[in-house]
1. Scan segment C:273-291 residue by residue and report those that are within 22 Å of C:Phe111 (Cβ to Cβ) and at pLDDT 90 or above.
2. If you check A:Ile463, A:Ile396, which single one turns out to be in the same structural domain as A:Glu351 (by TED's automatic domain parsing), buried (at least 18 other Cβ atoms within 10 Å of the Cβ), of a type in the set (Val, Ile, Thr) and in contact (Cβ under 8 Å) with a residue 40 or more places away in the chain?
3. How many residues are farther than 11 Å from A:Val131 by Cα and not in a loop (DSSP other than H, G, I, E, B) if we restrict to segment A:85-105?
4. For segment C:118-136, state whether one or more residues are surrounded by fewer than 23 Cβ atoms within 10 Å (Cβ to Cβ), touching an Asp or Glu at 6+ places or on another chain (Cβ under 7 Å) and away from chain B (no Cβ under 14 Å).
5. Of these, C:Thr242, C:Thr254, which one is away from chain B (no Cβ under 11 Å), of a type in the set (Val, Ile, Thr) and assigned to a helix (DSSP H, G or I)?
6. Quick one: how many residues across segment A:481-524 are assigned to a strand (DSSP E or B), modelled with pLDDT of 95 or more and over 19 Å from A:Tyr226 (Cβ atoms)?
7. Quick check, is A:Gly365 touching a helix residue (DSSP H, G or I) at 6+ places or on another chain (Cβ under 8 Å), assigned by TED's automatic domain parsing to the domain that holds A:Val302 and surrounded by fewer than 22 Cβ atoms within 10 Å (Cβ to Cβ)?
Amino acid sequence: MHSTLARIASALLVSTALAGAAHAETVRWARASDALTLDPHSQNQGVTHNFNHHIYETLLDRDTDGNLQPRLATEWSVKADDPTVWVFKLREGVKFHDGADFTAEDVVFSLDRARSEGSNMKQLHAEVKEVVAIDDHTVEVRMVGPSPLYPNNITNTFIMDKGWSEANNVVEVQDFAAGETNHAVLNTNGTGPYRLQSREVDVRSVLAAFQDHWAETKPAVTEIVYLPIADNATRIAALLSGDVDIVQDVPVQDIERLSSTAGFKVETGPENRIIYFGYRFGEEPLKSSNIKDSNPFNNPLVLEAMHLVLDRDAIKRVVMRGQSVPAGVATPPFVNGWTAELDAYPAPNVERAKELLAEAGYPDGFTVTLDTPNNRYVNDEAVSTAYVGMLGQIGIKVTLASRPVAEHSPIILANQSDFYLLGWGVPTFDSAYIFNDLVHSKTDKHGTYNVGLYTNPELDAKIVSLGTETDLDKRNATIAEIWKTVQEDRVLLPVHNQVLAYAMKDNITLAVHPENQPLMTDVAFD
Amino acid sequence: MLTFILRRLLQSIVVMLVVAFVAFLIFRFVGDPVSSMLGQDSTMADHEQLRERLGLNDPFYLQFFRFVANALQGEFGISYRLQQPVTQLILERLPATIELAFASATIALVFGIVLGIYTALRPRSLETAVVMTVSLVGVSLPTFLIGIGLIYVFAVELKMLPSFGRGEVVNLGWWRTGLLTQSGLRSLILPAITLSLFQLTLIMRLVRAEMLEVLRTDYIRFARARGLSKRAINFGHALRNTLVPVITIAGLQLGSVIAFAIITETVFQWPGVGSLFVNSVQVVDVPVMAAYLVFVALVFVVINLIVDILYFLVDPRLRDGAKSGR
Amino acid sequence: MTDLPHNSERTAPAKTSRLSAFLNSDLAWSYRHSPVTIIASIVAATLILMAAAAPWIAPYNPFNPATLNLMDGFTPPNSKSMSGNYFLLGSDSQGRDVLSTIMYGSRVSLFVGISATLLAMVMGVGLGLVAGYAGGLADTIIMRVADVQLSFPAILIALLVFGIARGLIPPNQQEGAAVWVLIIAIGLANWAQFARTVRGATMVERQKDYVAAARILGVNPFLILLRHVLPNVMGPVLVIGTIGLALAIIEEATLSYLGVGVPPTQPSLGTLIRIGQQFLFSGEWWILFFPAITLVALALSVNLLGDWLRDALNPRLR
């Protein structure tokens, strides 16, 4: 009798304990768009990476402060006697979803696949010469020269299972240009905390916790239902009506209302993305201006006036509803090379700006067209519209050309814009990434987004030197020098850093990730 | 008979080719797929290389020829955005659009005919004035606003109906239906109403006009004079004569409902071909956009063809016309 | 039953001015006896006048960016902003007066709508005459194209025309041309209705003796047709035109929703609704509500006028 009672009691205890631990928690997670593909090396795109991070894992990862963290690699360092070689120690006891063991072979295979011809990740591995397995849990990545920042490039390069890839004929990245489709687009075998249960592209994907995942603490979320909802209003309505639990892309204007609505809360945090205006440089007159004999943007006084008339605080307060970090330098604070001093910006001064414009020879201002995307960044069109108003106050009459990003990008890339708005995320958290694409003269390899065709051979040399400089102090000094010139020449006119907002039911906690790649493993329930 | 159908078929093929050509022409201008396919880490060399591989540097006529040749085999290539075969993507999403289109066509037809008859039989009543005016409000508002408004009222405030999507679906072979589950049916209500409003107004007005006209014809007057009951006249004779043109127009409109669904599907995140099209436009997914347009053209060409042939069979005058070579 | 007052009115004055002839016409009579139409015409006239006179009567000029103060943004209706500006209907996200943007926005919408409808009308009537008169191959081609046109939703066609225009016009001139592109896009999407009606009427007239006579006399029969057919089809064309105008205004709004419309610094009603729609859940209801009400009022009143016109011009329905 006694023993039976005890048995029942203990059974009860066990069952409640089990209920506490294995209580099934489903999270319905909505955002604006779906992952493009599940093939991890086929697209270098934030939404795709974010989704794949739940299924596949990378060697290194970033925490919510942007610091590098061990994931499938436990240690990483430059080889003692050779600055061109990075050594990665791999985690032991890791299994793929199909039960296969994770070894150095898989890493070699995956890194080779990621830098192969058909991969969209290859640019991040451009300096890699070869990848070699030293033993089952050590990999050496040999570079063409010293590459002190290489670990920053691999936080989105996922590791696939070599055996599975060979068995399913996905050794090559899908060559969709040749009209091929590929098993890995819809099927997965990763080491990540969740396994893919079902997928309907653009509609709904279901992920379930992977029981044999290596992490010691099991995630509170045992099932993820991922729901892309394109329309902003519909997405917020879905949260308010209780059809979803977490909304990742929250329009800034809805933040205040949502946080004051009972049952919901909003987490905000800075994103690693700077929004800026750029100009066309060079002597050639602007195509869209009434000034036909010179280029006003080539005059530093004009640029200073445009800097002075930009009221960043007003944009923050009204257009961004307080959800932005105004900036004086075209780099987010997360990035190596950022200083508070660089980031300072002047109070707007319309009178002084008018004087400068008159001094520059344009007392009546001039006309120009501003190209802005209208569906890419947070309130991008509204930011541009606001700046058009501010420029109007000093006589610069701006025509606003607002286009969907699919039409905006080609104009930008073909250098057909006189004056434009663009945003720049810095996944490597280092200034070199900004200089390479935005400041370096436009060539096949560099300056892809140097839309205004700014050139400065001296800067180009310095920028190139950053890639191989191993003395970090010296390197940082060069970065500071480059920023000084960029600021003096007013190459870019920074507006603000974006702030991310995630809205959720109030029993859920999920912190904002600076690269907008939150993991559902970080979700906690009250 | 055969010549007539053959000529019609020939004309349909020409129409399809023209649509394909126009579709193709346009997509060269809506933007550059390459810049949305390659991320911000890409170089100009990468862009050039991908453009070359996709054949975007080839002369226009060559690209068009390739497109038509492939399309004839039902092959529309791989979606730039989702990297899956376009034909498969469209077939997967077709059931959702067709179910939505039929649901809204049914709503439009039933309410349109009932209200049309009612307003025709009582042309001077207050109710008629109200119905006629309110139905105009429906077409005076942009579809997206009606959709958002319905979501706001019925999903957010009243929490009666789902705010988006298709609910639970059941697979019947390759056909994925939402009509067999409760959540699927509930999800269908708001988008179907949104999509039906325009056609409803159209059909109601058509029925009313036809009915008014029929009621004035001599034989209805004779019927009245003969002392037939009002009910027998209205529903036995007048309605039957009204319905023929109405059904024809409604049939023709079905194709247009499918195409109209673009906006409704976007607002309700309805997983049909329309929202696939809008998502594709945003990233210049040319293969999907072209396939969608050809598909819409095909739907309407087929419907038109069927209607024409039916007319031909029903109306002897047309047959004579065909013989005399008109 | 309605014939008595009708006849007495029409026959009373034998020789009258054009004005009183018009006032005594069937049209005027049916107008006076339809309160809905009277209200609709008053609403439409008010909105059109308001739009036409916007530069003189609007409290602010929202199209002049230099006068805007961003810090005036989101002022609720009937209140003063921090800078002391008063906004009867509130201000929007850019600090623009909602009342003024509605006045100026209606101006853009009406301009686009009317111009597009006129374009569609001229095209449709012209092609309809050609198809109806020439017959044969020309007729087949024109009517097949019209079939395509009618079966495709106008919005899709407008979107396509817009796409082509974007490709043909250099990027730095696109914004200046945006309004014209819209007009052409919407106009091209709506001509088929006109063409169908006119073609039918033309085919009837073509059979008549006077056309044959004209041909024998060496007068260009096309001109004769134009002179004789046009008055006959003016009624239906006017009806289609009125309803087309309402459609064109809605189409312009929908195109704006899809992100291909007029520049956001010179918003139309549709653009205003697209912008306002973002604030549906955030509490600033006035940014959406007032432009939406204006759009409905405009489209509804024009539609009602079209309705009345149709009934009034079709004697069998009276």
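1. From segment C:273-291, those within 22 Å of C:Phe111 (Cβ to Cβ) are C:273-276, C:290-291; that's our starting set.
Those that are within 22 Å of C:Phe111 (Cβ to Cβ) and at pLDDT 90 or above: C:Phe290, C:Pro291.
2. Numbers: A:Ile463 fails: in contact (Cβ under 8 Å) with a residue 40 or more places away in the chain.
Just a single option satisfies the conditions, and that option is A:Ile396.
3. Kept after step one, since they are farther than 11 Å from A:Val131 by Cα, are these residues of segment A:85-105: A:89-103.
The next check asks that each one be not in a loop (DSSP other than H, G, I, E, B); those that pass are A:89-90, A:95, A:101.
Result for segment A:85-105: 4.
4. Scanning segment C:118-136 turns up no residue that is surrounded by fewer than 23 Cβ atoms within 10 Å (Cβ to Cβ), touching an Asp or Glu at 6+ places or on another chain (Cβ under 7 Å) and away from chain B (no Cβ under 14 Å).
5. Working: C:Thr254 fails: away from chain B (no Cβ under 11 Å).
Residue meeting the stated conditions: C:Thr242.
6. Of the residues in that region, 6 qualify.
7. Values: touching a helix residue (DSSP H, G or I) at 6+ places or on another chain (Cβ under 8 Å): yes; assigned by TED's automatic domain parsing to the domain that holds A:Val302: yes; surrounded by fewer than 22 Cβ atoms within 10 Å (Cβ to Cβ): no.
In short, no.
Okay, residues lined up against (1) farther than 27 Å from B:Arg205 by Cα; (2) surrounded by fewer than 22 Cβ atoms within 10 Å (Cβ to Cβ):
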| position | (1), (2) |
| --- | --- |
| C:Ala246 | no, no |
| C:Pro267 | yes, no |
| C:Gly270 | no, no |
| C:Gln278 | yes, yes |
| C:Trp285 | yes, yes |
| C:Val296 | no, yes |
| C:Ala299 | no, no |
| C:Asn303 | no, no |
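The values are calculated or read from the model by the stated rules, or taken from the named source; none is laboratory data. Just so you know, these numbers come straight off a predicted model, no measurement behind them. Glycine gets a Cβ as well: all are built from the backbone with ideal geometry, and neighbour counts include every protein chain shown.
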